[in-house]
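Asker: Please see the structure below; I have some questions.
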Amino acid sequence: MDSPQFPAASPSPEAGAAPAYDVIIAGCGPTGAMLAAELRLHDVRVLVLEQETEPKSFVRIVGLHMRSLELMAMRGLLDRLLEHGRKRPAAGFFAAISKPVPENLDSAHAYLLGIPQPVIERLVEGHAAGLGARIRRGHAVTGFEQDGEGVTVHLAGGERLRARYLVGCDGGRSTVRKLLGVGFPGEPSRNETLMGEMEAGVPYEEITARLATLRELPHPFWLRPFGQGVYSVVVPAGDVGDRAEPPALEDFRRQLRAVAGTDFGVHSPRWLSRFGDATRLAERYRDGRVLLAGDAAHIHPPIGGQGLNLGVQDAVNLGWKLAARIRGWAPEPLLDTYQAERRPVAEDVLDNTRAQAELLAPGPGPRAVRRLLTELMDFDEVNRHLIEKIAAIGIRYDFGPGPDLLGRRLPDLDVKQGRLYDLLRDGRGLLLDRTERLTAGGWSDRVDHVADPTARLDHPCVLLRPDGHVAWIGDDQRDLDEHLSRWFGRPLG
């Protein structure tokens, strides 16, 4: 796709002036960059504003869970990410309780991908820029006003820009959310934890033997191998250091000695950080022409590694719906389904991180519950349910009554044209038709049609949204047309 030729922005546009952009996104982390890319798939004029002048320099390893890997595969990004990441078993997510991976997890990407966060940000930002998104660094949003036609966005330094919509992807301390006046209720941080990646000076066998004697510690603590002699280290922060300052390696050594009786000879840190257990959820994700996504809408402890994944999944859910509104074919309620679908998912993530925090908390009660859950996870159904919850492949949106598959994402399948997810790269809907007698007819500018009687489905036909969730199941053309109208607006002509 060629880079868009956006009109020059007026330095001080008046309210009601023609917007130079369709969407301005505040924040160029993984959520903001992914949203920009999703919008550009539909030729939406996008400007991303990032207050930092340079991308993050510290190398923090994060994990991409199954659903995020599927979305990356849908958009043609997964192969590039795999070049820089390391696959790990899809287990041990929930409260760091180690259990075997259940057999036959319902995903073609049933693993965790450990990858440096700067790599994710660089690849997704490059993907968005390659599709034509305009990205400006060193520009912070300081204010905005919205009216019936658009949003006037104020930048530090006095510049003003005009867009039809503004999306705050600017993190847990979101300026956009605060200016919008959206409440952010929840629990403040009560406990601080040190987290980092570093090498150890003692053999793996010695570390394993020592950890085996510390299974009943009354606080979160672990050393997990991350490949090539590097360990992920989590240890209580105690009273070390200044909360406003990043921790030092000596802080980790001191706390390791206090908790484990040894510092394991840790050295050569890749990155070091401290985090609290604050848990908050925005009261609403949309106010008129301003929306929130990612950490601007929800924060929680990093237990289970769900934060970045949740934001990327927000972006893919929102992108096609906002684009549909801008392109003029969205049914009236479509944009409101973003909050209706994603806010309950965030509520569930906040609840499961609260539960995990309790399982890692001090005291005989939490330790007794942890022992009980550890026993219950020996049942395959329990272990599978918790893994699917963390990995977000168990999500089912409420699309009304119908088969269990309705509202769920469809796993990647072999089809006559190759792989199903490859057919979703343009961010369009898809009718997968085993009967070879249905048609997407008047919606062909928005929905592709694949007739394949050999597709391994338990249903005759499914209609997929651009995010891969099943919007309809059946074999009746009239019923299909009603659902095409529900999700993709009026037909052509």
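The values are calculated or read from the model by the stated rules, or taken from the named source; none is laboratory data. The structure presented is a predicted model; accordingly, all values stated were derived computationally and were not measured. Positions of Cβ are backbone-derived with ideal geometry, glycine not excepted, and every protein chain shown enters the neighbour counts. Heavy atoms of the whole protein, side chains included, go into the accessibility calculation; ligands, DNA and RNA do not. Shrake-Rupley method; radii C 1.70, N 1.55, O 1.52, S 1.80 Å.
Asker: For mean projected area of the Cα convex hull in nm², several values are listed as (1) 28.6; (2) 31.9; (3) 24.0; flag the one computed from this structure.
Answerer: Only one listed value fits the structure, namely (3).
Asker: Sort the following peptides by mean Cβ neighbour count (other Cβ atoms within 10 Å, averaged over residues), highest first: 412-420, 23-31.
Answerer: Final packing ranking: 23-31, 412-420.
Asker: So, one more: Looking at the calculated P(r) for the stretch 173-282, what percent of the C-alpha pair distances fall above 21 Å?
Answerer: 43 percent
Asker: While we're on this one: For the chain, what is the mean residue ellipticity at 222 nm derived from helices alone (per DSSP H run of n ≥ 4: -39500 (n - 2.57); sum divided by total residues; nearest 500 deg cm²/dmol)?
Answerer: Value at 222 nm, helices only: -9500 deg cm²/dmol.
Asker: A further question on this structure: Using Stokes-Einstein with the Kirkwood hydrodynamic radius over Cα pairs, what translational diffusion coefficient do you get for the stretch 42-164 at 37 °C and a viscosity of 0.692 mPa s, in µm²/s rounded to a whole number?
Answerer: For the chosen part, D equals 189 µm²/s.
Asker: Report ³J(HN,Hα) in whole Hz for each residue of the stretch 27-35, in order, from the Karplus equation J = 6.51 cos²θ - 1.76 cosθ + 1.60 where θ = phi - 60°; Gly and Pro get x.
Answerer: Running phi through 6.51 cos²θ - 1.76 cosθ + 1.60 with θ = phi - 60° gives x, 10, x, x, 5, x, 5, 5, 5 Hz.
Asker: A follow-up question, please. With a ≥ b ≥ c the root eigenvalues of the C-alpha gyration tensor of the stretch 338-493, is it rounded (a/c under 1.5), prolate (a/b larger than b/c) or oblate?
Answerer: Judged from the Cα gyration tensor, the stretch 338-493 comes out prolate (a/c at least 1.5, a/b above b/c).
Asker: Which percentage, to the nearest 5, of the DSSP beta bridges contained in the chain is antiparallel?
Answerer: 70 percent
Asker: What is the percent carbon and sulfur in the accessible area of the chain, measuring with a 1.4 Å probe over the protein chains and ignoring ligands?
Answerer: 48 percent
Asker: Report the relative contact order of the chain, percent, no decimals, based on alpha-carbon pairs under 8 angstrom and at least 6 residues apart.
Answerer: Computed over the chain, the figure is 17 percent.
Asker: What list of ³J(HN,Hα) values in whole Hz, one per residue of the stretch 258-272 in order, does the Karplus curve 6.51 cos²θ - 1.76 cosθ + 1.60 (θ = phi - 60°) give from phi, with Gly and Pro shown as x?
Answerer: Computed from phi, the couplings for the stretch 258-272 are 5, 8, 10, x, 7, 9, 6, x, 5, 7, 6, x, 7, 7, 9 Hz.
Asker: Please get the size of the charge dipole for the chain, origin at its Cα centre, with Cβ charges of +1 on Lys and Arg and -1 on Asp and Glu, quoted in debye to the nearest 20.
Answerer: Dipole magnitude for the chain comes out near 600 debye.
Asker: Another question, then. Looking at the stretch 397-472, what % of the alpha carbon pairs are farther apart than 22 Å?
Answerer: Looking at the stretch 397-472, the distances longer than 22 Å represent 14 percent of pairs.
Asker: I need the peptides 326-337, 341-352, 459-470 ranked by packing, meaning the mean over residues of other C-beta atoms within 10 angstrom, with the highest value on top.
Answerer: Per-residue Cβ counts within 10 Å, averaged per peptide and sorted highest first, yield 459-470, 341-352, 326-337.
Asker: Can you give the accessible area per residue of the chain, in Å², using a 1.4 Å probe?
Answerer: Value returned for the chain: 43 Å² of accessible area per residue.
Asker: Need one number: nm distance between label points at ASN104 and ARG224, each 7 Å from Cα along Cα→Cβ, rounded to one decimal.
Answerer: Result: 2.7 nm between the two label points.
Asker: Which net charge results when you count Lys and Arg as +1 and Asp and Glu as -1 among the other residues whose beta-carbon is under 12 Å from that of PRO466?
Answerer: +3
Asker: Can you give the FRET efficiency to the nearest 0.05 for TYR204 and ARG270, using r as the Cβ-Cβ distance and R₀ = 22 Å?
Answerer: Taking R0 as 22 Å, the efficiency between TYR204 and ARG270 is 0.80.
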